[in-house]
Amino acid sequence: MRRARQKIYMFKKSKIQCLLTAFLAICLISANSMLIAGTSSTEDISSESFALSINNETEINIEKFPATGKTLFIWQPHERGIQKIDQQLARQLAQHNIEVWLVDLLEAYFLPNTASNMDRLSGEGFKKLITAAVATRKKVVIGGSGRGAIPVLRGVRDWQLANTNQNKILTQFSGVVLLSPKLFVETPEPGTAARFMPIVKATDAPIYILQPNKSPWFWKLKQTSDALQTSGSDIYTKVLPGLRDRFYFRPDAFEREQQATAVLWKELKLATQLLTVQKSRTHNPATKLTETSASRGKQERKLQTFKGDPNPPPLDLAQLNGKILKLDSLKGQVVLVNFWATWCPPCVHEMPSMQRLSDKFKNESFTILGVNMAETNAEVEKFLTTRVKVDFPIVMDKDGQALKDWRVFAFPTSYVLDKQGKIRYALFGSVEWDNPDIVAKIQQLIEENQH
């Protein structure tokens with residue numbers, strides 16, 4: 001079987017630096033390809049625990065997976081807490097000569113496993129962890145998943161600022177690996193601008209991002225990379241095709257995601273190798289940082305008045321039968337435009353209620369337009385045949401351009417247009433579309449200007 005070519009992208013480097021990076025990546029990929037697809041048993045890889053004091057009241061419990069190699073990898077898991085796979089990854093990396101310190105800062109502060117609590121963590125924990133790690137005289141790489149990226153970046157910056165004149169110590173820190181990082185303050189309401197957490201633009205460090213492409217964050221990858229470069233960070237990105245966020249510990253993982261989980265340690269090893277062989281340079285993170293308030297956590301989802309420009313972007317896309325459907329052709333009807341994907345559980349959950357809403361208003365001036373996000377006709381046709389059946393039109397946004405034009409930030413995202421083609425309501429996230437509040441709002445739009 002022919003091995004798929006791996007692509008690692010480096011943002012904003014000179015041509016010589018890009019060629020050097022590409023050469024190093026090819027060498028490292030080749031070296032990793034020589035490893036057998038399966039791994040020998042990791043049961044003989046033991047771990048040991050130790051505690052590190054952060055302050056007089058708090059200490060971090062660290063599960064250490066020793067290795068004789070010259071690299072030490074500190075891993076902060078996803079905001080949902082340490083999973084069995086996190087320990088498995090640590091053992092696999094240790095088996096291949098990368099020492100791992102597995103930590104959970106939320107546990108250290110006795111905080112529940114939520115994204116909003118990750119936002120509350122300062123950089124003091126990782127600052128202490130990096131200080132302890134460089135004392136081992138190994139090359140140090142820090143890793144974080146999801147919202148765990150926020151305390152990681154804060155700690156890196158705090159440690160760099162505390163060691164500004166210690167060049168020898170600074171060169172021991174090699175960089176950061178982020179797996180599908182969540183770096184925005186929160187998902188904005190449709191029509192409002194998204195904001196990055198302030199630490200993003202204050203960071204100056206080598207950063208390697210592993211980003212699944214069946215994820216809302218994939219469509220923000222360029223924007224994220226640009227923001228991270230504000231203070232000078234060197235950014236490497238690798239897209240993981242066919243995978244969703246949290247693929248490595250999802251209970252509903254696809255077969256492809258299960259296969260990717262089995263070799264995720266190789267991706268992490270490649271990332272650490274690439275970072276540790278890069279030539280070190282002086283990093284200058286922003287000295288001033290005004291932290292924003294933590295995200296509000298989960299909010300009640302309901303159809304709300306649209307706050308942006310009511311004039312929608314053009315939407316001219318092919319249906320599954322190949323015929324072009326233009327949004328402008330639907331003027332005179334109330335239109336629900338829904339951006340969705342077959343791999344998005346909330347999208348799937350709400351589709352039966354959308355069909356019920358369509359049935360309720362089948363004799364009225366109302367239609368639903370489903371905009372599928374960058375999937376193939378075959379994938380969508382199979383989904384509509386085997387999982388959810390709807391009779392409203394589906395159009396295919398093959399390259400994600402409509403998603404960008406409409407500034408879709410999360411899946412699903414929906415917009416309700418009045419008969420004049422103006423956006424009146426919107427929401428992100430799934431709802432029961434035939435609930436009384438939504439039905440009343442749709443009915444009111446249908447009855448507007450009727451004579």
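Check Glu381, Glu375, Glu364 and return the single one that is farther than 22 Å from Asp316 by Cβ and either without any contact (Cβ under 8 Å) to a residue 60 or more places away in the chain or of a type in the set (D, E, K, R) (or both).
Values: Glu381 fails: farther than 22 Å from Asp316 by Cβ; Glu375 fails: farther than 22 Å from Asp316 by Cβ.
Only one candidate qualifies: Glu364.
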Legend entry - Test: Ile207 is under 27 Å from Val277 (Cβ atoms), over 19 Å from the mean Cα position of the chain (by Cα) and at pLDDT 95 or above: no
Inset, instruction - Any chance you could count how many residues in the stretch 170-203 are among the small types (Gly, Ala, Ser) and in contact with a Lys or Arg (Cβ under 7 Å, 6 or more places away or on another chain)? - result: 3
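In this structure, does Val395 turn out to be more than 23 Å from Pro251 (Cα to Cα), surrounded by 15 or more Cβ atoms within 10 Å (Cβ to Cβ) and touching a strand residue (DSSP E or B) at 6+ places or on another chain (Cβ under 6 Å)? Give the steps one after another, and end with the answer.
Values: more than 23 Å from Pro251 (Cα to Cα): yes; surrounded by 15 or more Cβ atoms within 10 Å (Cβ to Cβ): yes; touching a strand residue (DSSP E or B) at 6+ places or on another chain (Cβ under 6 Å): yes.
Here the answer is yes, as Val395 does meet what is asked.
What residue, of Leu24, Leu35, Leu28, is in a loop (DSSP other than H, G, I, E, B) and either modelled with pLDDT under 95 or not assigned by TED's automatic domain parsing to the domain that holds Ala149 (or both)?
Working: Leu24 fails: in a loop (DSSP other than H, G, I, E, B); Leu28 fails: in a loop (DSSP other than H, G, I, E, B).
Selected residue: Leu35, the only one of Leu24, Leu35, Leu28 that is in a loop (DSSP other than H, G, I, E, B) and either modelled with pLDDT under 95 or not assigned by TED's automatic domain parsing to the domain that holds Ala149 (or both).
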Inset, instruction - For the stretch 40-61, name all the residues that are closer than 26 Å to Thr276 by Cα and in contact (Cβ under 8 Å) with a residue 60 or more places away in the chain. - result: Leu52, Ile60
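Could you tell me whether Pro112 is surrounded by fewer than 18 Cβ atoms within 10 Å (Cβ to Cβ) and either aromatic (Phe, Trp, Tyr) or within 26 Å of Pro216 (Cα to Cα) (or both)? Walk me through how you get there before you give the answer.
Details: surrounded by fewer than 18 Cβ atoms within 10 Å (Cβ to Cβ): yes; either aromatic (Phe, Trp, Tyr) or within 26 Å of Pro216 (Cα to Cα) (or both): yes.
Yes: the conditions hold for Pro112.
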Inset, instruction - Determine, yes or no, whether Lys238 is in contact (Cβ under 8 Å) with a residue 60 or more places away in the chain, within 24 Å of Trp265 (Cα to Cα) and surrounded by 22 or more Cβ atoms within 10 Å (Cβ to Cβ). - result: no
Legend entry - Positions within the stretch 254-289 being at pLDDT 95 or above and small (Gly, Ala, Ser), in sequence order: Ala260, Ala262, Ala271
Inset, instruction - Considering only the stretch 181-232, state which residues are more than 23 Å from Thr290 (Cα to Cα), assigned to a strand (DSSP E or B) and not hydroxyl-bearing (Ser, Thr, Tyr). - result: Ile209, Leu210, Gln211, Pro212, Asn213, Lys214
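Please give the strands (runs of 3 or more DSSP E) falling wholly within the stretch 355-451 in which 1 or more residues are closer than 16 Å to Gly332 by Cβ. Before the answer, list the steps.
On the way: elements: 366-373, 394-397, 413-417, 423-428.
Counting at least 1 such residues, we get 366-373, 413-417, 423-428.
The values are calculated or read from the model by the stated rules, or taken from the named source; none is laboratory data. Not measured: the values here are computed from a predicted model. Positions of Cβ are generated from backbone atoms using ideal geometry, with glycine treated the same way; all protein chains shown enter the neighbour counts.
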